[in-house]
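Inspection log for the structure reproduced underneath, given as structure tokens.
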Amino acid sequence: MDVSGGRGQPRPGNDESAEHTGPEAPAPGGTGDAPTAPSAPTPADAKDARPEGPTPDAGAPAPESGTPQDTGAAPDHGPPDHAAPDRGAPVHGRDRAPEHPEPPADRPARAPAGRPEHPDHPFAHSGSGKGQAPQRPEERRRGGLLMGRPFGVPVYVAPSWFLVAILITWVFGGQIDRVLPELGAASYLVSLFFAVAFYASVLVHELAHTLAALRFKLPVRRIQLQFFGGVSEIEKEAETPGREFVLAFVGPLLSLVLAGLFYLGLLAVDPSSVPGVLLAGLMVSNLIVAAFNLLPGLPLDGGRMLRAVVWAITGKPMTGTVAAAWVGRALAVCVLIGLPLLTQSGALGSDAVDNVGMDTVLDALLAAILAAIIWTGAGNSLRMARLREHLPELRARTLTRRAVPVESDTPLSEALRRANAAGARALVVVDADGVPVSLVREAAIVGVPEHRRPWVPAGTLAQDITDGMRVSAELAGEELLDALRATPATEYLVVEETGEIYGVLSAADVERAFVKAMARPS
């Protein structure tokens with residue numbers, strides 16, 4: 001089944017409405033063997049400052065009433081607690097420009113051509129917030145118990161798997177007890193072994209997707225075994241419909257191969273023995289996994305295959321996604337209504353049921369869960385496709401604020417005066433040679449009362465510029481988001497390929513542009 005891997009994004013500013021929790025990051029399809037809602041990232045809880053109106057002649061407005069005050073010192077915005085191995089490989093920042101001498105402190109950096117200068121907002125500092133750049137979900141939670149890293153891809157077992165393992169042990173144990181009553185309580189130990197072996201075959205299914213993705217040079221974030229199967233979270237989309245088809249098909253194909261191997265093993269043992277019962281159960285379960293995932297609707301593997309076919313015919317991946325997603329929703333309705341009817345009629349091999357009992361209720365509950373997962377996954381696939389369609393609209397060059405270089409000991413009031421005079425909205429602290437060394441944080445400026453600004457050096461409110469905080473003005477779309485996620489911060493120095501300062505990019509500005517783009521229809 002195809003599931004989207006998560007991608008993070010900058011947080012909204014603190015002036016955004018509560019409804020805007022930030023955009024979901026684009027997530028190329030992953031694959032799984034049971035319907036599972038894609039795991040999508042959410043923005044960090046912290047908020048960024050947002051520039052709001054022009055400043056008075058003092059340089060910047062005093063904080064609004066009720067706005068939390070910053071102490072004036074920049075908080076620690078270092079990297080997350082750990083590197084993020086869960087995406088198969090760390091997300092890399094791109095196009096880091098070398099350092100070059102910049103214009104002197106009394107002359108603003110040149111106004112980039114083609115970039116809006118926001119004349120109505122010369123250098124405003126409303127909003128407070130102790131911002132921190134977005135973190136990927138796995139930086140806050142690992143997603144379960146780490147079992148290993150085959151082919152360098154981490155494999156996690158979600159807590160929900162243990163609930164399913166208990167359920168399988170209970171249900172299958174009762175069936176073994178009827179077939180082999182002489183086992184007694186040991187039948188449940190055999191059933192537990194079956195549950196583990198079944199999920200091992202699910203892992204093989206996922207590894208097939210992973211190997212195909214790595215073969216096509218698509219990074220894999222992680223594999224997760226969870227409630228209704230497994231998920232391979234692949235970071236990027238396949239470049240062609242042919243690769244998309246192969247990437248989706250290898251999972252069900254491996255499940256069919258496993259079913260065949262278990263059948264051959266069954267021929268060599270007594271069907272009424274413990275090995276025979278186990279092999280028969282694994283054969284049937286892998287057939288079910290393969291057949292279910294071949295259903296032609298997202299987020300299942302068959303949906304990815306249908307998407308690839310429509311993509312190849314129309315030449316438009318978005319058209320394929322829409323078609324496969326709506327087929328997936330139709331499948332969800334069929335599962336919700338059809339599964340209980342088939343079970344009650346005896347068409348699935350059990351005796352027909354004339355009255356409503358516990359088994360009927362459980363069948364209806366299972367159908368409702370499956371239908372909800374498929375419906376949600378199909379909707380998420382549509383949303384992710386629309387998100388990827390709008391990603392190219394996020395361009396560092398158009399979102400960057402014009403910046404004024406100042407020396408570290410420049411009084412804050414003087415620095416703001418220069419910024420307002422130049423129509424700039426950001427401050428870059430440079431050394432004696434004009435080389436940028438740190439960025440003055442908006443949130444820190446807001447925390448300094450206006451009457452103290454002549455005595456506060458701008459450098460005390462700045463955050464040192466690390467290599468990851470230098471981004472190329474040419475970055476756009478997923479590359480831009482990758483660069484921002486690689487080094488969490490509230491502001492980034494944007495440079496030309498020559499190393500010349502282009503301006504300062506605020507994570508909050510990227511977030512607002514993203515929300516605006518997503519609000520437009522496809």
Subject >> Candidate set: the range 254-266, residues that are touching a residue at least 12 places away in the same chain (Cβ under 8 Å) and open to solvent by 70 Å² or more (accessible area, probe 1.4 Å); chosen: the one nearest to the chain's Cα centre (by Cα) >> reply: 256
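Residues 228, 249: which one is under 18 Å from residue 291 (Cα atoms) and at pLDDT 95 or above?
249
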Original post:
Does the range 306-316 include one or more residues that are within 30 Å of residue 361 (Cα to Cα), open to solvent by 60 Å² or more (accessible area, probe 1.4 Å) and assigned to a helix (DSSP H, G or I)?
Top reply: no
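To keep it simple, each residue is scored yes or no on (1) on the phi < 0 side of the Ramachandran plot; (2) open to solvent by less than 60 Å² (accessible area, probe 1.4 Å); (3) basic (Lys, Arg).
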{"residue": "221", "(1), (2), (3)": "yes, yes, yes"}
{"residue": "239", "(1), (2), (3)": "yes, no, no"}
{"residue": "247", "(1), (2), (3)": "yes, yes, no"}
{"residue": "268", "(1), (2), (3)": "yes, no, no"}
{"residue": "272", "(1), (2), (3)": "yes, no, no"}
{"residue": "277", "(1), (2), (3)": "yes, yes, no"}
{"residue": "284", "(1), (2), (3)": "yes, no, no"}
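Quick check, is residue 243 surrounded by fewer than 17 Cβ atoms within 10 Å (Cβ to Cβ) and within 30 Å of residue 478 (Cα to Cα)?
Details: surrounded by fewer than 17 Cβ atoms within 10 Å (Cβ to Cβ): no; within 30 Å of residue 478 (Cα to Cα): yes.
Taking the combined requirement at face value, the residue does not satisfy it.
So, in the range 417-426, of the ones that are touching a strand residue (DSSP E or B) at 6+ places or on another chain (Cβ under 8 Å) and of a type in the set (A, V, I, L, M, F, W, C), which residue ends up nearest to residue 443 (Cα to Cα)?
First pass over the range 417-426, keeping only residues touching a strand residue (DSSP E or B) at 6+ places or on another chain (Cβ under 8 Å): 418-419, 422, 424-426.
Then keep just the ones that are of a type in the set (A, V, I, L, M, F, W, C); that gives 419, 422, 424, 426.
Values: 419: 16, 422: 21, 424: 17, 426: 12 Å.
The qualifying residue nearest to residue 443 (Cα to Cα) is 426.
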Subject >> Number of positions in the range 178-199 that are buried (at least 17 other Cβ atoms within 10 Å of the Cβ), free of Cβ contacts under 8 Å to residues at least 24 places away in the same chain and not in a helix (DSSP H, G or I) >> reply: 0
Original post:
Does residue 352 fit the bill of being at pLDDT 85 or above and part of a loop (DSSP other than H, G, I, E, B)?
Top reply: no
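The values are calculated or read from the model by the stated rules, or taken from the named source; none is laboratory data. The shown structure was predicted, so the numbers you read here are calculated from the model rather than taken from an experiment. With ideal geometry, Cβ positions are generated from the backbone for all residues, glycine too; neighbour counts draw on all protein chains shown. Side chains are part of the model used for accessible areas, which takes the heavy atoms of the whole protein and leaves out ligands, DNA and RNA. Shrake-Rupley method; radii C 1.70, N 1.55, O 1.52, S 1.80 Å.
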